[in-house]
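The block underneath contains the structure these notes are about, expressed in structure tokens.
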Amino acid sequence: TYSWTEGTDCCSWDGVTCDNVTGNVIGLDRSSSRLERSIDDNSSLFHLSHLQSLNLLSTISVLYLSSTNFAGKIPDSIGNLLFLEIVHIEECSFTGSIPTSIGNLTRATEIVFASNHLTGHLPHHVSGLSYLTTLDLSGNSLQGRVTSWLFTLPSLVSLDLSNNMLNGPINPFQSPNSLQEVRLQKNEIHGTIPSSIFQLVNLTYLDLTSNNLSGTVKFDMFSNNMDIKYSLPSLQELNLSNCNVNQFPRFLRNSGKLTSLDLSNGRIHGRISKHDSEGWKNLIDLHLSNNFLTHVELHPWQEIKILDLQNNKIQGSILVPPPSTQVFLVSNNKLSGQIPLSICSLSSLQYLSLSHNNLSGTIPSCLGNFSTELIILDLKNNSLEGYIHDTFANASSLRSLDLNSNKLEGPLPRSLANCNMLEVVNVGNNMISDTFPCWLGCLPKLKILVLRSNRFYGPLCKSNITLPFQALRIIDLSRNEFTGFLPRAIFVSMEAMKNVDETEFGLQYIGGFYYKDTVTVAMKGLEVNLSKILLIFRGMDFSSNRFNGEIPEVLGNFKSLKVLNLSHNGLTGNIPVSLGIMTALESLDLSFNKLHGRIPEQLLGVTALASLNLSYNRLRGRIPRGNQFNTFDNDSYIGNIHLCGEPLTVTCSNDGVPKAPPSASTDHEEDEIASWFDWKVAKLGFASGVVIGLSIGYILLSIGRPRWLVKMVERDQQKKVRRRRPRDRM
């Protein structure tokens, strides 16, 4: 490297080859230099983006090429670096297959080719890697069988082939080794798990999640008196989710060190018996969701922190887990009875989901303040009744409160205003009677507010809070009894409804690892259940109330809004021209109001609009044509007798009005039709009432009951007869 002098042309340096046209460095040969030790991934070497060949000294011991722009194939010549001990070529763009020459790296202890674009099959056989402790080929597109030599390397401790496309069965192997961690999850492996896997007596971690294992995992190959070498005595974590497991593996009864067990998305039926779980006493994480379990006899896991029993068929009352529990998820089961008061003994609880069961009774008053660590409280879709207790003053960690679809009544608890971490408040489909909770506007992180289908009443407040509801993304006030104008002041401060960079959030959802929030929204004429809520989703539904006045122009600033529903109110005035700049809007429903004037041509600029409903208003003039408006049919405009043009059959005159408007029609024709209809209904009701009344009277008198009524009618008739007799004689 003596010729490598700063300030001179690098193309003249020893071992450097440059392109004759561009001058870019395309080759680097350091085989004759005294380069030793390691090359780190922050070396300036990796800024040579045009490099085509690289020849390093064969005595190099550590090679890190992590997170660089290198591409192409990993050359077979890597096998010439006989002194390599650690090879990390990860998060690059290498393609092609794994070179078989890696078998020449007899001193290697770590080989990591993770997160590239490698393809092809695993090498059929590799020998010579006697000192290799870590082999990580995860995050590629490797195919074919899981070859047996991988399990027979004498020093191998960790094997990671996860997130590939391996599609053959796992080949049996003969010579057990020192393997402690095996990660094969998220492949396409089929067939059964060979019994030789369970000869890996040092195994502490086994993950076979999300493969295409056909048939069931045949753990019944072991008898109750199985040899200890088949019991995986060192096993600490076992993940067999999506592996067609149909029973609790018997070998787990002797796995006293097991701390994490995932058998979710299987076919396990029946109950968790004391006998099944007797060897799991040290469990910390237990995931049994999406099976067919019906009963839980007891919770023997005194140190349990995560207990996930969602989406089973568990019956009976809630069996409260030990006080150590932090995550308790039992939604979508068949639990019944009341929520036991003892659940408030779980002082470390962070996630509580009891939704979609048959629970009844009242919500225990302690649920709001039993744990300062509570993050999620989800009790939706039960039959809970009574008031929501005002006990949330100390719920400083609460992020989501979902009480949707119960029978709750009374007001919203004002102590929720103290929950500064609160992002979701969903109390829809209850019987809550209260005014609009303007006081929730002070919560800096509130993203979702759902009050739909309750008995909320009165006007939306003119908030005294500076910039209320700044973080709000979804607000649903539909099917209540709200009145008055839509206040401009609240809309002005809803910053999260305005410009949002969708590329910044991508496919991120509201919620955490253990729990994703859900919500039902009315959009495009349908009730849509969002099982996961994208951070970029924005929706506003004020439908089926008694709002009046004009639609505020400021709504046009909500350029990220995807759903706007103001239908079934008493809104008047024109459709604001500003709605034409709501570029993200996909669903707009203004039907069943008293809007008049023309449909703004500016709405043609909302090219994302997939659903439009302007029916049953007092709109007039020509319907705009072009862009997405060419896709809307008659139903979007029905009930506006002064509209013309496609898709309606009524043609327009040159001045944009219907050529043949209905005779004697006025702006109040809809009101007259409604009045005529009301009188007709009244007359029909009167006539029906007379007929029904006479019929009931006749029946009562015929049977002679009640007797006091019969006697009273008879006395009245006798008096009338006496009055007539003198006249009859005359």
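What follows is calculated from the coordinates using simple rules that are stated; it is not laboratory data. Because the structure is predicted, anything quoted here is derived from the model rather than measured. Ideal geometry is used to build each Cβ from the backbone, glycine not excepted, and the neighbour counts take in all protein chains shown.
Some notes on this structure:
- Calculated FRET efficiency, Thr152 to Leu534, Cβ-Cβ distance, R0 = 56 Å: about 0.75 to the nearest 0.05.
- Placing dummy labels 7 Å off each Cα toward the beta-carbon, the span from Asn254 to Lys274 is 2.3 nm.
- Extension gain for the segment Thr100 to Gln508, taken as residue separation times 0.36 nm less the Cα-Cα distance, is 142.9 nm to one decimal.
- Loop sites in segment 518-567: chymotrypsin sites (Phe, Trp or Tyr not before Pro), DSSP, at most 13 other Cβ within 10 Å: none
- Applying the criteria of a DSSP loop state and at most 10 other Cβ atoms within 10 Å to the chymotrypsin sites (Phe, Trp or Tyr not before Pro) of segment 320-417 yields no site.
- Here segment 322-350 and segment 384-434 have alpha carbon centers that stand 18 Å from each other.
- Packing-based ranking, highest mean first, of 69-76, 183-190 given that Cβ atoms within 10 Å are counted: 183-190, 69-76
- The gain in end-to-end length when the Thr192 to Asn282 segment is fully stretched comes to 29.6 nm, 0.36 nm per residue minus the alpha carbon separation.
- Distance between modelled label sites at Glu481 and Met431, nm, 7 Å Cα→Cβ extension: 1.4 nm
- Stretching the chain fully between Thr109 and Arg267 yields a gain of 52.9 nm (0.36 nm per residue, less the alpha carbon separation).
- FRET E, pair Thr362, Ser66, Förster distance 51 Å, beta-carbon r, rounded to 0.05: 0.35
- Beta bridges per DSSP, both residues in segment 497-667: antiparallel share near 30 percent.
- Modelled label positions at Glu550 and Cys10, each set 7 Å beyond Cα in the direction of Cβ, lie 6.6 nm from each other.
- With the highest mean first, a sort of the peptides 373-384, 145-156 on other beta-carbon atoms found within 10 angstrom per residue produces 373-384, 145-156.
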